[in-house]
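Just below is one structure, and these are the notes that go with it.
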Amino acid sequence: MRISRIIGSAMLALVIFQACEKNEAPVVVATLTEKTVSGIPADTIVGLVNGQPVGAGKFTFFSFETNAVVPSTDSNSVKWDVAVRGTAIITNGGNSGPGVGGAFVYVGTFDDVKAVPKDSVFRQDNAPVSYAVPNSSNKGWYVYNPVSMLITPVPGRVLVFKTAKGKYAKVEILNYYKGGITPAATATDAEKLKNQRYYSFRFAYQADGTMNFK
Amino acid sequence: MTTVAYAQRGGDSSQTNLDEVVVTATRTPRSMGNIAIPVAVISSKTIYQSGSLRLHDILAEQTGIQVIDNFGKGIQVQGLSSEYTLILIDGEPLIGRTAGVLDLSKITVKNIRKIEIVKGPSSSLYGSEAMGGVINIITDRAGQNKTDLGLRYGRFNTVDGNLNFSRRLNKTDLAASLNYNQSKGYSLKPNAVQKTVEPFRRSTQNLSVHQQLGSYWKAGASFRANASQIDNTIFVQNLGTTIASKGFEKNKEYNFTPYLQFNKEQKIKSILRGYLTGFNAVQQLAVKNATGGYDDRFKQLFARVENQTDWQITENAAFTSGAGIVRETVRSNRYDTASTLRTNSIAYFFVQHEQKFSSKFTWIGGLRFDANQAYASVWSPKIAFQFKPSGKLKLNVSYGRGFKAPDFRQLYLNFTNLAAGAYSVFGSEVAVNELKRLSAAQLLDQTTALVGNLSALKPEVSGGLNAGIVYTLSAKSQFTANVFRNDLKNMIVTDIIAFKKNGGQIYSYFNLKRALTQGVELGAQQKIGQWIQLNAGYQFLYTADKEVLQSIKKGEVFQRSLTNGQAYRMSLSGYGGLPNRSRHTANLKFNAENAKGYFSTIRFIYRSRWGTSDLDGNGLINRSDEYAKGYVQVNASVGLPLASHWKCMAGIDNLFNYKDIPFLPGNPGRTAYIDIQFIF
C-alpha cells in the first residue's frame, strides 16, 4: 500500500512537473543523506564481578557532524553529540557536557519526522536523576525481556537530538547486539553477554541549522 | 464372545448421534437433537480406538480444541485459554490449577463412558470458569456386571495398568476402578543433562455406590483419589555456573460426592448433593553441594452443598432451579506462611426454563447469580433458540455470559524472584501493605501511576454468541457449522506498580484487558461403504486484544523489519492476535471396523503457525519469526480381537516423528504402544 502510494505520488508529481515545465524551472531540494552506523561499542562486557556482568565503565562518544566516534579525551568539548554506555544514552548538554544538546523521544517512524515539530521541548540530562533519553525498559528506546534477558529497541521510537552545537539530528536505533543480530532467546547467557552493547542505528543530520529533515 | 464384550465396552457410536443423551448442556438429560447450543460427545469407543490414556490425548484430536503445554496440559476452547474452561468429573468441578491451568494429564480416560463438551459461555448453569465452555467427564456406569483388566506398554517405559469393576447386587449398584500410569520421561535434546519430561508415576482410584430406596428415592456416593509424583532434577545455568538441584513434586487430590435423589415419574426430580475436594501440592528442591533450595506448598479445599430440582411442567415446558453454597480455602507459602488460611465463600442460585412452541421451535432461558465474599457478585444470563424446519435441518442461536472469579493467586500472591532481576508480584489484596513494608524498609524507589488504580479485583466476564446449523443428509452423512464470537472484558493482567531501589520491578493485578475471539467451526461425517467412517473438522480462529486493535487503527503501533531492522507502522492484517492461537486447525480421521471387532484408524491433526513471543520490541505477535511452525501430526492404530474375553490394540502416535523442541516440548516424537484387555 505504501509503495503504491509512493508510486502514485511520483506519477502525480511527474504530471505536475510536465505541466509546469514550460513556465518555470523545477526547484531542486537537497535531501539529507541518511546514514547507517553499526558496531558502536557501548561499554562492552569485560568480565563478571560478584556474578554480575560489568564493562570498563566508559562511554563511547559520537559526532553526527563527522559521522565518527570521538576519542574520550575530547569528552569535555563540543566535538561529540551523543554518547552511549550500556543502555544509557547521554547528550552533550545539561550536566553531561559543555554543549547545548538535548533530546526527546518521538513516537512514530523515522520517515514521520520530516521536521522537528515547532513546539518540541528538548529535555536535558540531569544525571543521575534523569536523562534526556530515559534509561529504563519500555520508557525510552528499548525494552528488556526478563525471561530471554534480551534488550530490543522499541519499534517506532525516534530519538530527536539537538547537537552540541545546536543543530538537529534524528536517530532510529536498530539493534543492540554485535553485527546487528540479536541472539536467539535460546542462546547461552555467555553468548548474550558477549555480543551485547553494540549499537546499530541510522540517523539524519541537518547541517544547515534548520529544523527540517527533508 | 469377543464381539459381545466389545459392544459392551464401546456401546455408543463414534459419530454424532442426534439421539445421544447429553446432560452437560442444560444440566438435564436431553437428546443431542434437541440441544440449542454447540455440544460434542466423545464416546468410550472413540477413546479406546484412538489409544488415548489421559484426557489431553483425546481432546487434542477434537475440532476447535487445542492442547497447550504450559504448567501442564491445558486446553484452549474457542480461542479462550485453559483458565476459562471448566472441567467436571460427573458434574463436579476439579480444582488444583497452577497459574490458571488445570493439568489434564492427571485425568485417566480408562474408566470413562463418554466426554461431553459444551462450547460457549455456560456460567448461567455452572458459575465461575465456564467462559469458553465446559468439559464433563462421565465415568463408567455402576451396576453393569462386568470387569475389565487392561495393560499397556509404550515408548519411554510408559506403563498403564487399569482395572474397572461394575456390579449390581440386589438394589445396590457398585463401580470401582484403579489406574496406574508411569513413564521414565524423555530428553528431546541429545546429551542434555536435564530431561524435557521428568519421570513420573500417577495413580487414580474410584469407587461409587448407588442404592435404590423405594420407588422414588435413591442415595449414593462417589469417591475418587488421585496422586502423582514427578522426579525433579533441575540444572540452572547462571552466568556460566551450573546449579544442580534434586527433588520432587507431589500432588494429591481427592473428591467425595454424596447425594440423595428424589425422582417421581419424570415429573419432578430433585437432588441434594454434597461435594468435597482437596488438592495438595508439594514441590521440594535441594541444591546439590550447597545450601539452599526451594520448598513450595499449596493446599486447596473446596466444599459445596447444592440442590437442583427439575420440573416437567407440561409436555412442552421444563423448569430447573438450583442453589448452593461453596467454601474455598487455600494455604500456601506462595502467599504467606503455609499456615495462613485464605478463604472465600460463595452463595448462588440458578434457574432455567425450556419452552417448546411447536415441534419446530424451542427456546431456553437461564440465569445464575453468584454472591462472593472475596470479590464482586455476578449475574450470568443465557438464552438459546432452536428451529427445526425439517427433520434434516436444525438451526441454533445462543447468547450467554460467562465469568471467571479472580483466583487466590491474583488476590494474595506474594512472590519475589531473586534469580531474574529481583522482580516481585503481589496479589491485589496484599499489594498496598507490601508497598508500605518495602517503603518503611527504605527499599522502594518510586511508584507508578497505576498504584492509584489498585482496588478489589472484579471477575473477568465474557459475552459469547453462537449460531450454527446441523444438516443431516442421510443416515450416512452429516454436516455441522457453527459461528462464534466471544467478547472478554475486565481480563486480569499484571502491570508494574513500583520499582525497587535495586532496579527490580513490582507487579500487581488489574482488570485491564479487553479481548475478542471469533471464528467458524465446521464438521463433516461420512460413512463410506459398510466399514469406513470418515470424520473431518476445521476451525478458523481470529483473536485480538481490543486495546491493540484501537492503537493499530490510530497508527500508534510499530514493528521492525527482519531484513533492514527499520521500524514501520503495523497494519491490522499484520497483527497476529493473542499468543498461542493458531488461525487454522483441522483434523481428518478415517476409521475402518468390522463386526468381529477388527479395526484400524488413521488420524491427521493439523495446526497452523501460532504466536510464541515478541522479538521486535512491540510486545505483540506480528513478525514471521515470532511464530512457531505449523504442522501435521499423524496417529494410527489397529485393533484385533484375540480370543474369547481378550482383545488387543496397538498404535503409533506421531507416525512421521514431527518435533519442535523449543515450542512443543510435550511432543516426544514417534511413540509406539501395545495394549491388551481382558474382559469378563
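Here, each number is a calculation from the coordinates, and none is a lab measurement. In this text, all values refer to a predicted model and were calculated from it rather than measured experimentally. Don't worry about glycine lacking a Cβ; one is built from the backbone with ideal geometry, like all the others, and counts go over all protein chains shown.
What is chain B's relative contact order, in percent, from Cα pairs under 8 angstrom and six or more apart in sequence?
On the way: 1853 pairs, mean separation 71.7, N = 680.
Dividing the mean separation by the residue count of chain B yields 11 percent.
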message = What three numbers, in Å, describe the spread of the alpha carbons of chain A along their principal axes, ordered from the longest?
response = 75, 42, 28
request  = Please report the base-10 log of the normalised intensity I(q)/I(0) for region B:310-378, using a Debye sum with one equal scatterer per alpha carbon and no solvent, at each q in 0.11, 0.12, 0.29 (1/Å).
outcome  = -0.47, -0.52, -1.15
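Taking the Cα centre of region B:335-392 as origin, sum charge times position over the Cβ atoms of Lys and Arg (+1) and Asp and Glu (-1), and report the length of that vector in debye to the nearest 20.
Numbers: 7 positive and 3 negative charges, 106 e Å.
Dipole magnitude for region B:335-392 comes out near 520 debye.
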request  = Could you point to the residue in B:Ser474, B:Pro93, B:Leu285 farthest towards the positive end of the protein assembly as shown's charge dipole, with +1 and -1 charges on the Cβ of Lys/Arg and Asp/Glu respectively?
outcome  = B:Ser474
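What's the local net charge at B:Ala176, with K and R +1, D and E -1, over the other residues with C-beta under 14 Å away? Don't jump to the answer; show the numbers that get you there.
Working: positive: B:Lys110, B:Arg141, B:Lys146, B:Arg167, B:Arg168, B:Arg224; negative: B:Asp140, B:Asp148, B:Asp173.
My count for the surroundings of B:Ala176 gives +3.
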note = Distribution output for region B:303-448: share of Cα-Cα pairs per 10 Å bin in percent, first bin at 0, values 9, 25, 22, 17, 13, 9, 4, 0
ask   = Which distance in Å, rounded to a whole number, links the C-alpha centroids of region B:420-478 and region B:44-123?
value = 23
note = So, over other residues within a Cβ distance under 15 Å of B:Pro668, counting Lys, Arg +1 and Asp, Glu -1, the net charge is +3
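Quantify how strongly other chains surround peptide A:146-159 by giving the mean number of their Cβ atoms within 10 Å of each of its Cβ atoms. Show your work: numbers first, answer last.
On the way: counts 7, 3, 3, 2, 2, 1, 7, 5, 7, 17, 12, 3, 1, 0.
Shielding by partners across A:146-159 averages 5.
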task = In debye, nearest 20, what is the charge dipole magnitude of chain B about its Cα centre with +1 on Lys and Arg Cβ and -1 on Asp and Glu Cβ, if you could check?
result = 760
remark   = P(r) of region B:566-680 over all Cα-Cα pairs, 5 Å bins starting at 0, rounded to whole percent, reads 2, 10, 15, 15, 13, 10, 9, 8, 6, 5, 3, 2, 1, 0, 0
request  = Name the residues whose placed amide hydrogens come within less than 5 Å of the amide hydrogen of A:Gly55, ignoring near sequence neighbours (fewer than 5 apart) on the same chain.
outcome  = A:Val46
Residues of type lysines that B:Lys218 reaches as a straight line, Cα spacing below 21 Å, ignoring anything fewer than 8 places off in the same chain = B:Lys171, B:Lys264, B:Lys267, B:Lys269
task = For region B:434-440, take each phi angle, set θ = phi - 60°, evaluate the Karplus expression 6.51 cos²θ - 1.76 cosθ + 1.60, and give the result in whole Hz per residue in order, putting x for glycine and proline.
result = 5, 5, 4, 5, 5, 5, 5
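Out of region B:464-543, which chymotrypsin sites (Phe, Trp or Tyr not before Pro) are coil in DSSP terms and have no more than 14 other C-beta atoms within 10 Å? Walk me through the numbers before you get to the answer.
Working: sites: B:Tyr471, B:Phe479, B:Phe484, B:Phe499, B:Tyr507, B:Tyr509, B:Phe510, B:Trp531, B:Tyr538, B:Phe540, B:Tyr542; in loops: B:Trp531.
Answer in residue order: B:Trp531.
Within chain B, which is the longest segment containing none of the trypsin sites (Lys or Arg not before Pro) that sit in a DSSP loop and have at most 10 other Cβ atoms within 10 Å? Walk me through the intermediate numbers first.
On the way: sites that count: B:Lys267, B:Lys554.
No qualifying site falls inside B:268-553, the longest such stretch.
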query = Hey, which lysines would be in cross-link range of B:Lys288, C-alpha to C-alpha under 30 Å, not counting anything within fewer than 8 residues on its own chain?
reply = A:Lys192, A:Lys194, B:Lys73, B:Lys106, B:Lys184, B:Lys189, B:Lys195, B:Lys246, B:Lys250, B:Lys252, B:Lys299
key: Exposed-site-free run, longest, chain A (rule: GluC sites (Glu not before Pro); DSSP loop; at most 10 other C-beta within 10 Å)   = A:25-214
Between region B:188-207 and region A:132-180, the alpha-carbon center distance in angstrom = 44
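Please average, across the residues of B:609-622, the number of beta carbons from any other chain that are within 10 Å of each residue's own beta carbon, and give a whole number. Walk me through the numbers on the way to the answer.
Values: counts 0, 0, 0, 1, 4, 4, 7, 6, 17, 5, 5, 1, 0, 1.
Partner-chain Cβ atoms within 10 Å, mean over residues of B:609-622: 4.
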note = Taking alpha-carbon centroids only, region B:550-627 lies from region B:23-42 a number of Å equal to 31
ask   = P(r) tail for chain B, what percent of Cα pairs lie past 40 Å?
value = 32
query = So how tilted is helix A:2-20 from the main axis of chain A? Cα-based, degrees 0 to 90, rounded to 10.
reply = 30
request  = Identify, among B:Asn594, A:Thr44, A:Leu193, the residue whose Cα sits farthest towards the positive end of the charge dipole of the protein assembly as shown, taking +1 on the Cβ of Lys and Arg and -1 on the Cβ of Asp and Glu, with the dipole about the Cα centre.
outcome  = B:Asn594
request  = Starting from the amide H of B:Arg609, placed 1.01 Å from N in the peptide plane, find each other amide H under 5 Å away whose residue is 5 or more places distant or on another chain.
outcome  = B:Gly630
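Quick one: dipole size for the protein assembly as shown, taken about the Cα centre, charges +1 on Lys/Arg Cβ and -1 on Asp/Glu Cβ, in debye to the nearest 20. Display every interim value, and only then the final one.
Working: 101 positive and 64 negative charges, 254 e Å.
Computed charge dipole of the protein assembly as shown: roughly 1220 debye.
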ask   = Using θ = phi - 60° and the Karplus curve 6.51 cos²θ - 1.76 cosθ + 1.60, what whole-Hz ³J(HN,Hα) does each residue of region B:263-279 get, with Gly and Pro shown as x?
value = 9, 10, 6, 6, 7, 9, 9, 9, 10, 10, 10, x, 8, 10, 9, x, 9
Signed unit charges on C-beta, dipole axis of region B:374-431, positive-most listed residue B:Phe387, B:Ala422, B:Pro406 = B:Phe387
Per-residue HN-Hα couplings for region B:550-564 [Karplus 6.51, -1.76, 1.60; θ = phi - 60°; Hz; x = Gly/Pro] = 4, 5, 5, 4, 7, x, 9, 10, 10, 9, 10, 5, 6, 7, 10
inquiry  = At 20 °C and a viscosity of 1.002 mPa s, what translational diffusion coefficient does Stokes-Einstein give for region A:103-214, taking Rh as the Kirkwood radius over Cα pairs? Give it in µm²/s as a whole number.
reply    = 141
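Relative to the compact-globule scaling 2.2 N^0.38 Å, provide the ratio for the alpha-carbon radius of gyration of region B:506-655. List each step's numbers first, then the result.
Numbers: Rg = 22.5 Å, N = 150, 2.2 N^0.38 = 14.8 Å.
Against the empirical 2.2 N^0.38 Å value, I get 1.52 for region B:506-655.
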query = Shielding of B:557-567 by partners, i.e. mean partner chain Cβ atoms within 10 Å per residue?
reply = 6
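Around B:Leu640, with a cut-off of 10 angstrom between Cβ atoms, what is the net charge of the other residues, counting Lys and Arg +1 and Asp and Glu -1?
Numbers: positive: B:Lys596, B:Lys647; negative: none.
Here the charged neighbours net out to +2.
Output the direction-averaged projected area (hull surface divided by four) of the convex hull of the alpha-carbon atoms of region B:303-345, in nm². Don't skip to the end; give the middle numbers.
Details: hull surface 16.0 nm².
The orientation-averaged projected area of the Cα hull of region B:303-345 comes to 4.0 nm².
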task = Send over the per residue convex hull volume for the protein assembly as shown, Cα only, as a whole number of Å³.
result = 199
remark   = For B:Arg334, other-chain or 5+-apart residues with amide H closer than 5 Å (H placed, Pro excluded) are B:Arg297
inquiry  = Can you return the lysines within cross-link range of B:Lys392? Criterion is Cα-Cα under 25 Å, with same-chain partners fewer than 8 residues away left out.
reply    = B:Lys119, B:Lys356, B:Lys360, B:Lys476, B:Lys527, B:Lys589
